[in-house]
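Taking it in order: structure first as structure tokens, then the write-up.
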Amino acid sequence: MRIGKAGRVFALILLLTTVGCDRVTKQAATARLAGRPSVSYFADTFRLEYAENPGAFMSLGEGLPNWARAGLLIVLAGVGLLVVAFAAFKLRWIGLARIGAVLYVAGGASNLVDRIARGTVVDFMNVGIGPVRSGIFNVADVALMAGIVLILLGSHIRK
């Protein structure tokens, strides 16, 4: 199936909006939350707290030597993003799978920019109830996770 011009424009707008939102919120978190105590909302269900994550999801890999962490989180992540983008383009993903690929690439690319420029990723959101809490995450992480879900859904839903 051929992807029309409107589909390409939508994908580009989604990509730029996702990356832009992530960059702006990370900048705001750095300016307003760094060095300050966390701020909670909705009876502590949602927290804003600044963190710099040298590792991956849930700080995985943060204890690795710098060269290994850079290799895994910059090189392999970059290759992974290229593979997903190439697959979506070459296989002409449509619908949910295509939207998922755009979100995945946008979130991954924005976090990759942090890793290259800073060596860490700025995280600032945390959700939970009582002692059951998520890790600290950012908008790019939400885009990555939503992208994975949509790719999986889109690959299993037949039109």
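On full extension, the segment bounded by K5 and L152 gains 50.5 nm, given 0.36 nm per residue less the C-alpha separation.
The mean sequence distance of close C-alpha pairs (under 8 Å, at least 6 residues apart), as a share of the length of segment 5-156, puts its relative contact order at 32 percent.
I need the shape label for segment 74-132. Rule: rounded when a/c is under 1.5, else prolate if a/b > b/c, else oblate, with a, b, c from the alpha carbon gyration tensor. Judged from the Cα gyration tensor, segment 74-132 comes out oblate (a/c at least 1.5, b/c at or above a/b).
Using C-alpha positions alone, give me the convex hull volume of segment 5-156 per residue in cubic angstrom.
Numbers: hull volume 19.8 nm³, N = 152.
Convex hull volume per residue, Cα atoms: 130 Å³.
Along segment 125-139 the Karplus relation, 6.51 cos²θ - 1.76 cosθ + 1.60 evaluated at θ = phi - 60°, assigns HN-Hα couplings of 10, 8, 10, x, 10, x, x, 8, 10, 6, x, 7, 9, 9, 4 Hz to successive residues, with x for each Gly and Pro. Spatially, segment 102-137 and segment 21-35 are offset by 12 Å when compared through their Cα centroids.
Given a 10 angstrom Cα cut-off, can you work out which residue in L73, L96, L60 is the most mobile in a GNM of the chain? Between L73, L96, L60, it is L60 that shows the largest mean-square fluctuation. For the pair M145 and V79, what calculated FRET efficiency results from E = 1/(1 + (r/R0)^6), where r is the Cβ-Cβ distance and R0 = 22 Å, to the nearest 0.05? After rounding, the FRET efficiency stands at 0.65. Compute a Gaussian network model of the chain, connecting alpha carbons closer than 10 Å, and tell me which residue from G147, G100, G80 fluctuates the most. Result for the chain, Cα springs under 10 Å: G80 fluctuates most.
Gain in length, R36 to T120, computed as 0.36 nm per residue apart minus the alpha-carbon separation, to one decimal in nm? Don't skip to the answer; put the middle values down first.
Working: separation 84, 0.36 × 84 = 30.24 nm, distance 1.87 nm.
Gain on stretching R36 to T120: 28.4 nm.
3J(HN,Hα) along segment 95-108: x, 4, 5, 5, 4, x, 5, 5, 5, 4, 5, 5, x, x Hz, from the Karplus curve 6.51 cos²θ - 1.76 cosθ + 1.60 with θ = phi - 60°, whole Hz, x for Gly and Pro.
Where a number appears in this text, it was derived from the coordinates with a stated rule and is not lab data. All of these numbers come straight from a predicted model, not from anything done at the bench. We place every Cβ from the backbone using ideal geometry, glycine too, and count neighbours over all the protein chains shown.
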